[in-house]
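Visitor: Dropping a structure here in structure tokens format, bear with me for questions.
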Amino acid sequence: MNITLRQLKVFERVARRLSFTRAAEELYLTQPAVSMQIKQFEEAVGLPLFERLGKKIYLTRAGEELYRLSRTISQQLEEAEQIVEELKGTDAGRLVVAVASTVHYFAIRLLADFCARYPKVRVNFKVTNRKGLLHMLDDNEADIVLMGQPPDEGDLVAEPFMDNPLVVIAPPHHSLVGRTAIPLDELRREIFLMREQGSGTRSSVERFFAEKGLTITASMEMNTNGAIKQGVEVGLGLGIVSLHTVELELTTRRVVILDVESFPIMRQWYIVHRSGKRLSAAGRAFEQFVREEAGRFVRTVVPLPDAVESPAGAPASAA
Ligand code: PGA
């Protein structure tokens, strides 16, 4: 069989997703390019690997066998890559770091410092929401992930490294600004801009209100923290966001933190990798760097209102 590693990789992705479109998206290829690779692969194998029934595609018997083998080959290739990266040390390693959209506000500063300290490490930096990060971990597409607490069942190694307070933000002219210890119940009268399904911030907010037995009104769903902040600023509604996303807006008073009872919702940021993953020297250096230095990159320039402190009395931000 005269097949190439590239064909194998494309085949594996199509077989995993059972979709040419999704495989193309994930591999940053056009759909015709994916179809061409699969056609050439099938020609080289001499058997059809997919069959189409209606709109869906399925693996043929040969396809299933090759899919099983292609996964083993990819794992071995990846192991070879890890060994090579390990041998390169921090002098020339490569690293894929993926972070939650909420984390990237400080992670980018952290990355700049890391790269200054290890100038030869080449970092591929990806930003997406919690759901996207869990997919990336599942598909082994990231060496290290910075995110909210991952689920227990994911076969992951996760270590908290910093507090992540979620705060209620409002435009500076809002009627609740300046009040202290606003009863949670008053939020019923407000409308909120919510992050999209799949966002960790969103699920924490939903969990929090469900635990408190309170229903809030979401007027609009927005899929970035940036859109929420701007929406709050122009008076579209209130927002509940990580303190780490609004440092700039607080300094310039484009938005204000409301002093609401039971806030902030105190979460934590975690550094995560797959449990079977053999981290390269560059990966280990990055983990160590995050553990030791992350707090330096959070500038909580405006203190939280007095009442908005963690129960232990420690400042709600880990800055
Ligand atoms: P986000 O944050 O998905 O809301 O951006 C990630 C997380 O909280 O896990």
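The values are calculated or read from the model by the stated rules, or taken from the named source; none is laboratory data. Quick caveat: nothing in here was measured; it's all calculated off a predicted structure. Cβ: placed from backbone, ideal geometry, glycine included. Neighbour counts: every protein chain shown. These accessible areas exclude ligands, DNA and RNA; they are computed on the full protein's heavy atoms, side chains included. Shrake-Rupley method; radii C 1.70, N 1.55, O 1.52, S 1.80 Å.
Visitor: Just wondering, is there one or more residues in the range 63-77 that are touching a residue at least 12 places away in the same chain (Cβ under 8 Å) and farther than 25 Å from residue 48 by Cβ?
Guide: yes
Here's the yes/no breakdown for (1) closer than 17 Å to residue 271 by Cβ; (2) touching a His at 6+ places or on another chain (Cβ under 7 Å):
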| residue | (1), (2) |
| --- | --- |
| 88 | no, no |
| 96 | yes, no |
| 99 | yes, no |
| 105 | yes, yes |
| 111 | yes, no |
| 115 | no, no |
| 126 | yes, no |
| 134 | yes, no |
| 139 | no, no |
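Visitor: Applying the selection to the range 182-204, what residues are within 16 Å of the ligand (Cβ to nearest atom), part of a helix (DSSP H, G or I) and either of a type in the set (A, V, I, L, M, F, W, C) or buried (at least 17 other Cβ atoms within 10 Å of the Cβ) (or both)? Spell out the reasoning first.
Guide: Within the range 182-204, the subset within 16 Å of the ligand (Cβ to nearest atom) is 192-204.
From what is left, the residues that are part of a helix (DSSP H, G or I) are 200-204.
Scanning the range 182-204 gives 200, 201, 202, 204.
Visitor: Another one. So the check is Cβ under 6 Å with 6+ separation or different chains; which pairs have a first residue in the range 106-123 that's farther than 12 Å from residue 293 by Cβ and a second one that's part of a strand (DSSP E or B) and open to solvent by 60 Å² or more (accessible area, probe 1.4 Å)?
Guide: Sorted first by the residue in the range 106-123, then by its partner, the pairs are 122/94.
Visitor: Do you know which of the residues in the range 1-41 that are without any contact (Cβ under 8 Å) to a residue 24 or more places away in the chain, of a type in the set (A, V, I, L, M) and outside any loop (DSSP other than H, G, I, E, B) is surrounded by the most Cβ atoms within 10 Å (Cβ to Cβ)?
Guide: Result: 23.
Visitor: In the range 126-149, which residues are more than 13 Å from the ligand (Cβ to nearest atom) and either touching a Leu at 6+ places or on another chain (Cβ under 6 Å) or open to solvent by less than 40 Å² (accessible area, probe 1.4 Å) (or both)? Show your work before the answer.
Guide: Kept after step one, since they are more than 13 Å from the ligand (Cβ to nearest atom), are these residues of the range 126-149: 138-144.
Within the range 126-149, 139, 142, 143, 144 qualify.
Visitor: May I pose another question? Inspect the range 50-60 for any residue being assigned to a helix (DSSP H, G or I) and out of contact with any strand residue (DSSP E or B) (no Cβ under 7 Å at 6 or more places or on another chain) and give the result as yes or no.
Guide: Looking only at the range 50-60, we keep the residues that are assigned to a helix (DSSP H, G or I), and these are none.
Checked the range 50-60: no residue is assigned to a helix (DSSP H, G or I) and out of contact with any strand residue (DSSP E or B) (no Cβ under 7 Å at 6 or more places or on another chain).
Visitor: OK, next. Would you mention how many residues in the range 205-226 are within 12 Å of the ligand (Cβ to nearest atom) and touching a residue at least 24 places away in the same chain (Cβ under 8 Å)?
Guide: First, pick out the residues of the range 205-226 that are within 12 Å of the ligand (Cβ to nearest atom): 205-207, 222-226.
Checking which are touching a residue at least 24 places away in the same chain (Cβ under 8 Å) leaves us with 205, 222-225.
Residues meeting the conditions: 5.
Visitor: I need a count of the residues in the range 90-122 that are assigned to a loop (DSSP other than H, G, I, E, B) and within 28 Å of residue 226 (Cβ to Cβ). Can you show your working first?
Guide: Taking the range 90-122 and keeping what is assigned to a loop (DSSP other than H, G, I, E, B), we get 92-93, 101-103, 118-121.
Okay, now just the ones that are also within 28 Å of residue 226 (Cβ to Cβ), so 101-103.
The total comes to 3.
Visitor: Hey, residue 253 hits all of (1) away from the ligand (no atom under 13 Å from the Cβ); (2) closer than 24 Å to residue 296 by Cα; (3) open to solvent by less than 60 Å² (accessible area, probe 1.4 Å) but one; which does it fall short on?
Guide: Just one mismatch for residue 253, condition (3).
Visitor: What are the residue pairs meeting all of these: first residue in the range 241-255, first residue farther than 18 Å from residue 221 by Cα, second residue within 13 Å of the ligand (Cβ to nearest atom) and part of a strand (DSSP E or B), Cβ atoms under 6 Å, and 6 or more apart or on different chains?
Guide: Qualifying pairs under 6 Å: 243/165.
Visitor: Can you confirm whether residue 179 is touching a residue at least 40 places away in the same chain (Cβ under 8 Å) and open to solvent by 20 Å² or more (accessible area, probe 1.4 Å)?
Guide: yes
Visitor: So residue 85 passes all but one of these: (1) open to solvent by 30 Å² or more (accessible area, probe 1.4 Å); (2) acidic (Asp, Glu); (3) away from the ligand (no atom under 16 Å from the Cβ). Which condition number does it fail?
Guide: Failing condition for residue 85: (1).
Visitor: Would you pick out the residues in the range 261-278 that are crowded, with 20+ Cβ neighbours inside 10 Å and assigned to a loop (DSSP other than H, G, I, E, B)?
Guide: Matches in the range 261-278: 263, 264.
Visitor: Tally time: how many residues in the range 113-164 are basic (Lys, Arg) and touching a strand residue (DSSP E or B) at 6+ places or on another chain (Cβ under 7 Å)? I'd like the intermediate steps shown before the answer.
Guide: Quick first cut of the range 113-164, residues basic (Lys, Arg) only: 117, 120, 122, 126, 130-131.
Subsequent filtering for residues that are touching a strand residue (DSSP E or B) at 6+ places or on another chain (Cβ under 7 Å) retains 122, 126, 130.
The total comes to 3.
Visitor: What single numbered condition from (1) surrounded by 13 or more Cβ atoms within 10 Å (Cβ to Cβ); (2) in contact (Cβ under 8 Å) with a residue 12 or more places away in the chain fails to hold for residue 235?
Guide: (1)
Visitor: Residues that are over 30 Å from residue 141 (Cβ atoms), of a type in the set (Gly, Ala, Ser) and at pLDDT below 95: does the range 256-266 have at least one?
Guide: Yes: one or more hits.
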